[in-house]
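Right, one structure below, let's go through it.
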Amino acid sequence: MGRTHDTNPALTGALPFRLDHKLSIADFLNALDGCTHFCQQSRLHDYWDGLVTRRAAAARQSFRMSKYKVFVMRHGEGAWTKENRFCSWVDQRLSEDGVKEALACGHLLKEAGYHLDVVFTSLLSRSIHTAWLLLEAMEQEWVPVVRTWRLNERHYGALIGLNRAEMALNHGEEQVKQWRRSYDLTLPPIDESHPYFLEIYNDRRYSTCDVSKEDLPKSESLKDVLERLQPYWDGTIVPEIKRGKLVLISGHGNSCRALLKHLEGISDADIVNVTLPTGTPILIELDENFRPTKPMQLLGDQEAIQAAIRKVEDQGKVKQMT
């Protein structure tokens, strides 16, 4: 049996606690002065320095107490996700698997004992349907659902409707990864010749936005998504959380990635490698200054989650012929 704790036989009898047991933060900090003095008078000084460093780091993290919780999730699998096409602002429904994912997410949160107070979605049906199904599974259908274009998926411009695997074949997998995942790369804009232009911009849902249709994006980078999302987060969602409400955001792959970049302080370079599975709730715990107190948690079966992440990553790869 391997050793699982930082113990040293020479210390065992001298310390005012047992190192093979978990300590409360108070016990640990109260004991530091005495133990440090003891070790400074002995040949264990180097050992103790390392131990203090490791335990104190954990204690400091624990002292940043979680005051708020918020759930962020990418909607269940959409019909075009299944077809491996850039969906973006085209309004597609959930696939059969996407419906199952949304219901499973609701059951998971219900079994964990969570009670939502408000859900935020985009203006796109796959985001809204995910919220409805999740709340139905939780038996919390009465919870308010607030919709905003600012949570919409990233606008992929002229790439909307194209097949990702075919793009990878024609332009290379790394190029497609940069188009999909990079932070500040803006794609060629959609114009009136595009087959989905009128379907998007003649849709009356966009007459409800806080900007005119003419000012709605025609293409976006992830940076652009964050810039249109952050004012809504700061001005509308954060005040709800500060009132003590448990919020869930049913967003899209890139609106969720943009928000996580902001909350988790993910660098421009590292965000390229952040991939979110569909229909998986992410729990974020924040301190009073809205800084994360621990790494974000993807809830559910971890093997299934990793498989779902790989599935999303494979969308931008050349399809292997069988």
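Arg154 versus (1) more than 17 Å from Phe86 (Cα to Cα); (2) assigned to a loop (DSSP other than H, G, I, E, B); (3) basic (Lys, Arg): which is the lone unmet condition? Condition not satisfied by Arg154: (1).
So is Lys245 in a helix (DSSP H, G or I) and in contact (Cβ under 8 Å) with a residue 24 or more places away in the chain or not? Criteria not met by Lys245. Of all positions in region 228-247, none carries a residue that is under 22 Å from Leu159 (Cβ atoms), in contact with a Phe, Trp or Tyr (Cβ under 6 Å, 6 or more places away or on another chain) and not basic (Lys, Arg). Residues of region 202-222 that are among the hydroxyl-bearing types (Ser, Thr, Tyr) and crowded, with 16+ Cβ neighbours inside 10 Å: Tyr206, Ser219, Ser221.
The numbered conditions (1) in contact with a Phe, Trp or Tyr (Cβ under 6 Å, 6 or more places away or on another chain); (2) surrounded by 17 or more Cβ atoms within 10 Å (Cβ to Cβ); (3) closer than 18 Å to Asn152 by Cα are all true for Ile271 except (3). Within region 297-315, residues that are in a helix (DSSP H, G or I) and of a type outside the set (Gly, Ala, Ser) sit with their Cβ atoms under 7 Å from residues that are surrounded by 15 or more Cβ atoms within 10 Å (Cβ to Cβ) and at pLDDT 95 or above, at 6+ positions apart or across chains, in these pairs: Ile305/Pro277; Ile305/Thr280; Ile305/Leu298; Ile309/Pro277; Val312/Pro277. Scanning region 102-124 for residues that are open to solvent by 50 Å² or more (accessible area, probe 1.4 Å) and part of a helix (DSSP H, G or I), we see that the one that is farthest from Leu299 (Cα to Cα) is Leu103. Here Ser125 does not qualify as farther than 19 Å from Trp233 by Cβ, small (Gly, Ala, Ser) and touching a Phe, Trp or Tyr at 6+ places or on another chain (Cβ under 6 Å).
Looking at (1) more than 30 Å from Glu96 (Cα to Cα); (2) at pLDDT 95 or above, find the lone condition where Ala269 falls short. Single failed check for Ala269: (2). The condition (being assigned to a helix (DSSP H, G or I) and out of contact with any helix residue (DSSP H, G or I) (no Cβ under 7 Å at 6 or more places or on another chain)) is satisfied by just one residue among Glu192, Glu166: Glu166. The condition (being in contact (Cβ under 8 Å) with a residue 12 or more places away in the chain, on the phi < 0 side of the Ramachandran plot and surrounded by 18 or more Cβ atoms within 10 Å (Cβ to Cβ)) is satisfied by just one residue among Leu151, Leu162: Leu151.
The conditions of being surrounded by fewer than 17 Cβ atoms within 10 Å (Cβ to Cβ), over 17 Å from the mean Cα position of the chain (by Cα), charged (D, E, K, R) and not in a helix (DSSP H, G or I) are met by Glu288.
Within region 127-137, if we keep just the residues that are of a type outside the set (Ser, Thr, Tyr) and touching a residue at least 60 places away in the same chain (Cβ under 8 Å), the residue that is surrounded by the most Cβ atoms within 10 Å (Cβ to Cβ) turns out to be Leu134.
The values are calculated or read from the model by the stated rules, or taken from the named source; none is laboratory data. The structure presented is a predicted model; accordingly, all values stated were derived computationally and were not measured. Cβ atoms come from the backbone with ideal geometry, glycine included; neighbour counts cover every protein chain shown. When the accessible area is computed, the model is the full protein with side chains, heavy atoms only, and any ligands, DNA or RNA have been set aside. Shrake-Rupley method; radii C 1.70, N 1.55, O 1.52, S 1.80 Å.
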